[in-house]
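Peer 1: Pasting a structure here, questions to come.
The values are calculated or read from the model by the stated rules, or taken from the named source; none is laboratory data. What you are looking at is a predicted structure, and each value in this text was computed from that prediction instead of being measured. Quick reminder, even Gly has a Cβ in these numbers, built from the backbone with ideal geometry, and neighbours come from all protein chains shown.
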Amino acid sequence: MIEFITSLVPADIAAHAPALLIGVPLILAPLAAMMPNGRLAWLISIFATGFSLVMAIVMLAQVRSVEGGAVISYAMGGWLPDAGIEFRIDALNSMILLLVTTIGFLATIFGWPSIKAEIREAKRAMFMSAYLVCFLGLCGVAATGDAFNLFVFLEISSISTYVLVALGATRDRRALPASANYLMMGTIGASFFVVGVGFLYAATGTLNMAELAERLQDAQNNKAVLAGYAFILVGLGLKAAMFPLHQWLPNAYAYSPSFVTMFLAATATKVALYALVRFLFTVFGLEFSFEGSTLVWILMPMGIAAMVACSFQAVFQTDVRRTLAYSSVAQVGYMLLGISIGTAAGVSAGLFHLVNHAVIKGALFMALAGVVLTYKGTTLNDFRGLGRSAPWTMTAFAIAAVSLIGVPLTAGFQSKVALGTALFENGWWWGVAVVMFSSLLAVIYMGRILEAVFFRAPINPNKKRKEAPLLILIPLWILALANIWIGVQGGFVAGLADDAAASLFIGGAR
Amino acid sequence: MLEFILERGNYWAIIGLMMIGLYICFAATNLIKRLIGLGLFQTSIVLFYVSLSRVDGGTAPILFGADWKKAKGYGEESHGGDHAADASASAYDSAHAYTSGGLENVYSNPLPHVLMLTAIVVGVATLAVGLATIVRIREAYGTVETDEIREMDLDVAIAEAADEAEETQAANGTV
Amino acid sequence: MNGDHHVILRVVAKALIPIISVFGFFVHFHGEYSPGGGFQAGVILAVAIILYSLIFGIAPCMRAITPGFARTVAAFGLFLYAAVGFWALAMGGNFLYYDALFREAPGGHLGQHVGIIVIELGVLAAVAGSMVAIYYAFAGRVSEIRDEDW
């Protein structure tokens, strides 16, 4: 299928894929803002995200065309690195880009009924425009090879995210403090990151990440580099909702419009986590990251704390959105645990789980948006008996839920097995125990929801219930079937993750 | 020791500002004050980058005098090359000429200034979005004090939980 | 008009606003040779509009330059910026590669000149438009705050 899509794209366009991936949403976002009504803006967004998806597939094919993974370097404005801004696509970038664009495309298709219900008509065109800007910002983070450019794209996506979250106020006013809180935390995180980049620039005199990696080899014990490392770790940790820095996430997810929640849950923290991995393994390199066991003493305990503490918190929520939001933080813990192992297998497992979690949470929040649309409520009681009145929506929800728990033949199982294997190989058998324990908690919190959905009678049988519209069901089922497909035949995604991890480690050993 | 401290006066000032900004961000209950703290924090970062760019005795990085004429001639020469790579490579050289010492005058490093121009724009955008959110909070809650907002939200959450519990009980009783 | 306290302000502003606007464009077009450029010019232009609204009231200002128009200008600025990038792509260069704009022979500088001026025009429109839009967003809400709240 990749070959087929690639063969449709002319060579001229394929050569400029990295620029077009960002450029098409960039030029269509203002156009969407100028549209007289939301529907046109939505159609423009579908085109933009779909085009980006094709470009991401083309780049994936280009990267995979060479054994061991090619590196596409694109000089913006014809300025060669390291004077100019370079877009640098290797196996890891192409994987993240594919993930973001796929989720973005499906989210845009599914979004319309949800947006129509939750956003006022006058704001819809601007809403779609803000969404496109957020999308291009996330793609930019995943594509750029320049440390400061990464900050700019991170802020482009974050600032539009604050706006998108705040627009949930039409449904619940608590979206506003959530957005303000997210804005404070997010800006502090990005500022920390930029201070760190400043230290690196002071120590090396370059901002290009590949060049930084090379020059940092000679500056291992430089105090400025150490300070920069700390700032970048905390800054990106905030953006990625690393355990003690996750306070902004539950409220932001719970009160934003359902469409935004779905898109953010599946992409935003993932992209920030990608940036963290990129800095830890490519820019600083293995020797640096493991010096003084930073990873083992920071990332690993934080990951485990997230897995246990946030899973517990998820168990005690009565609102399904909040349950899923806390579960998201817990799942970030799995990824951090995988990354903190520091072996190729560990990082690959972490990245594999990153993709799977995006697919799982995407499906869960899509089904949730369907429930919000038809039933206007997201508490556990609202979910009672939905299995009978909306079987298609809820079956997809259930598939994603068991995948989140890690039942065999689902995506979650595959990545947990990969994570467990990597932990065992490294001798961290207790890590496997923690993964098991956390999965058990997942059984409890997802089980409560599933029990309400399938085995309880609806509280108010007179209230009208129906299936979610087709526009939601189709992307939802695509994601749900993707869960099973990855679970049964996980080779493709696991292969992507392996290539990505391998490219990181070749970079680190340079 | 004193010399060590005094030599780094700019960094002390920057770190001081940064910590004041962060402290306001965390300690203030008024949302506007928090945004002011955030602004202070971002400004200290601008100062940090600008002080990085300083070169002893350097002026603003705009070519003047003999340098300007030289750069003009250099630019025209460089476009003799056919390939895009040549042109950008020579542009790279002239952009980095301040380090090569081929210039008559000393200039400070322009790159951090440009970066900070971007960062200032990001800061302005953040501030505008933040203030707009606060205006909406003021309209929705009638206050901009975070503790009061939290209390109101807590009341709502407690009421919701009570409703939920009642509902559950009623449902379990009838089923 | 006798009771008008702001007569001096009004007269001075009437004289200043055109000058400020012209200065804005000067900063923009001279930005190639001196400090300046679209960003500063955009702010100066927006300042002219904001000064007008401060002195003559926000309602007449919103009639002259509607909030929708300000937003459209801001969006158009971004569009212009991206359009130059695509123009360069269409001419076979990299994204935003000015030398490719006119496919000129080596040594030609037209692409560089035109490219940067158009880009900066986009920046000017985006900055001026969004500054005015932000100002409207805040100033337009004043009437909703009651007197006792101050």
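Peer 1: For segment B:151-175, which positions are more than 8 Å from every other protein chain (Cβ to nearest Cβ) and either closer than 24 Å to B:T29 by Cβ or surrounded by 12 or more Cβ atoms within 10 Å (Cβ to Cβ) (or both)?
Peer 2: Selection gives B:E151, B:M152, B:L154, B:D155, B:A157, B:I158, B:A159, B:D163, B:A165.
Peer 1: Determine which member of the set A:A309, A:A265, A:A240 is of a type in the set (A, V, I, L, M, F, W, C) and over 30 Å from A:F505 (Cα atoms).
Peer 2: After ruling out the rest, the residue left standing is A:A309.
Peer 1: For segment B:104-150, which positions are more than 10 Å from every other protein chain (Cβ to nearest Cβ), touching a residue at least 40 places away in the same chain (Cβ under 8 Å), more than 26 Å from A:L200 (Cα to Cα) and outside any helix (DSSP H, G or I)?
Peer 2: B:N105, B:E145
Peer 1: Being surrounded by fewer than 22 Cβ atoms within 10 Å (Cβ to Cβ) and more than 17 Å from A:G137 (Cα to Cα) is true for just one of A:M302, A:M307. Which residue is that?
Peer 2: A:M302
Peer 1: If you don't mind, another one. Could you tell me which numbered condition A:R173 fails, if it satisfies all but one of (1) in contact (Cβ under 8 Å) with a residue 24 or more places away in the chain; (2) farther than 25 Å from B:L40 by Cβ?
Peer 2: Exception for A:R173: condition (1).
Peer 1: So A:W429 clears everything in (1) without any contact (Cβ under 8 Å) to a residue 24 or more places away in the chain; (2) closer than 25 Å to A:R278 by Cα except one condition, right? Which one?
Peer 2: A:W429 satisfies every listed condition except (2).
Peer 1: Follow-up question, since we're still on this one. Do we find that A:S438 is in a helix (DSSP H, G or I), at pLDDT 90 or above and small (G, A, S) in this structure?
Peer 2: Spelling it out, A:S438 is indeed in a helix (DSSP H, G or I), at pLDDT 90 or above and small (G, A, S).
Peer 1: Can you tell me which of A:F153, A:F127 is among the aromatic types (F, W, Y), in a helix (DSSP H, G or I) and in contact with a Cys (Cβ under 9 Å, 6 or more places away or on another chain)?
Peer 2: A:F153
Peer 1: Moving on. Tell me yes or no: at least one residue of segment A:51-69 is within 14 Å of chain C (Cβ to nearest Cβ), among the β-branched types (V, I, T), under 22 Å from the mean Cα position of the chain (by Cα) and within 30 Å of A:L212 (Cβ to Cβ).
Peer 2: no
Peer 1: Answer yes or no: is there a residue in segment C:42-53 that is assigned to a helix (DSSP H, G or I), at pLDDT 85 or above and touching a Pro at 6+ places or on another chain (Cβ under 6 Å).
Peer 2: No.
Peer 1: Let me ask something else. Answer yes or no: is there a residue in segment B:102-118 that is within 18 Å of B:N30 (Cβ to Cβ) and in contact with a Phe, Trp or Tyr (Cβ under 9 Å, 6 or more places away or on another chain).
Peer 2: No, every residue in segment B:102-118 fails to be within 18 Å of B:N30 (Cβ to Cβ) and in contact with a Phe, Trp or Tyr (Cβ under 9 Å, 6 or more places away or on another chain).
Peer 1: Is there a residue in segment A:146-154 that is without any contact (Cβ under 8 Å) to a residue 60 or more places away in the chain and over 20 Å from the mean Cα position of the chain (by Cα)?
Peer 2: Scanning segment A:146-154, I find at least one residue that is without any contact (Cβ under 8 Å) to a residue 60 or more places away in the chain and over 20 Å from the mean Cα position of the chain (by Cα), so the answer is yes.
Peer 1: C:R103: at positive phi, out of contact with any helix residue (DSSP H, G or I) (no Cβ under 6 Å at 6 or more places or on another chain) and either among the charged types (D, E, K, R) or outside any helix (DSSP H, G or I) (or both), yes or no?
Peer 2: Criteria met by C:R103.
Peer 1: If you don't mind, another one. If I filter segment B:5-17 for residues that are out of contact with any His (no Cβ under 6 Å at 6 or more places or on another chain), crowded, with 17+ Cβ neighbours inside 10 Å, assigned by TED's automatic domain parsing to the domain that holds B:M116 and at negative phi, do I get at least one hit?
Peer 2: Yes - at least one qualifying residue is present in segment B:5-17.
Peer 1: Could you look through segment A:168-192, keep only residues that are of a type outside the set (D, E, K, R) and more than 10 Å from chain B (Cβ to nearest Cβ), and pick out the one that is farthest from A:Y255 (Cα to Cα)?
Peer 2: Applying the filter and picking the extreme gives A:G189.
Peer 1: Restricting attention to segment C:100-135, report how many residues are within 11 Å of chain B (Cβ to nearest Cβ) and over 12 Å from C:A88 (Cβ atoms).
Peer 2: Total satisfying the criteria: 14.
Peer 1: Oh, and also: Do we find that A:Y229 is among the hydroxyl-bearing types (S, T, Y), away from chain B (no Cβ under 14 Å) and either in contact with a helix residue (DSSP H, G or I) (Cβ under 6 Å, 6 or more places away or on another chain) or free of Cβ contacts under 8 Å to residues at least 40 places away in the same chain (or both) in this structure?
Peer 2: no
Peer 1: A:V100 - would you say it is within 28 Å of A:N483 (Cβ to Cβ) and either modelled with pLDDT under 85 or in contact with a Ser or Thr (Cβ under 6 Å, 6 or more places away or on another chain) (or both)?
Peer 2: Spelling it out, A:V100 is indeed within 28 Å of A:N483 (Cβ to Cβ) and either modelled with pLDDT under 85 or in contact with a Ser or Thr (Cβ under 6 Å, 6 or more places away or on another chain) (or both).
Peer 1: Hey, can you tell me all the residues within segment A:377-409 that are in a loop (DSSP other than H, G, I, E, B) and touching an Asp or Glu at 6+ places or on another chain (Cβ under 8 Å)?
Peer 2: Passing the criteria: A:T378, A:L380, A:A390.
Peer 1: Condition first: in contact with a Lys or Arg (Cβ under 9 Å, 6 or more places away or on another chain) and of a type in the set (D, E, K, R). Now tell me which residues in segment A:197-235 satisfy that.
Peer 2: Scanning segment A:197-235 gives a single hit, A:E214.
Peer 1: Please verify whether segment B:94-116 includes one or more residues that are of a type in the set (G, A, S), within 28 Å of C:A126 (Cα to Cα), surrounded by 14 or more Cβ atoms within 10 Å (Cβ to Cβ) and modelled with pLDDT under 85.
Peer 2: Looking for residues that are of a type in the set (G, A, S), within 28 Å of C:A126 (Cα to Cα), surrounded by 14 or more Cβ atoms within 10 Å (Cβ to Cβ) and modelled with pLDDT under 85, one finds at least one in segment B:94-116, hence yes.
Peer 1: Same structure, new question: Scan segment A:310-344 residue by residue and report those that are hydroxyl-bearing (S, T, Y), crowded, with 20+ Cβ neighbours inside 10 Å and at pLDDT below 90.
Peer 2: Once the filter is applied, which keeps residues that are hydroxyl-bearing (S, T, Y), crowded, with 20+ Cβ neighbours inside 10 Å and at pLDDT below 90, segment A:310-344 yields only A:S340.
Peer 1: The conditions are (1) surrounded by 22 or more Cβ atoms within 10 Å (Cβ to Cβ); (2) within 22 Å of the chain's Cα centre (by Cα); (3) under 20 Å from A:R174 (Cα atoms), and A:V347 fails exactly one of them. Which is it?
Peer 2: Every listed condition holds for A:V347 apart from (3).
Peer 1: So, in segment A:74-122, of the ones that are in a strand (DSSP E or B) and within 16 Å of A:F148 (Cα to Cα), which residue ends up farthest from the other protein chains (Cβ to nearest Cβ)?
Peer 2: Selected residue: A:R88.
Peer 1: Restricted to segment A:359-389, and to residues that are of a type in the set (G, A, S) and buried (at least 24 other Cβ atoms within 10 Å of the Cβ), which residue is nearest to A:N483 (Cα to Cα)?
Peer 2: Result: A:A363.
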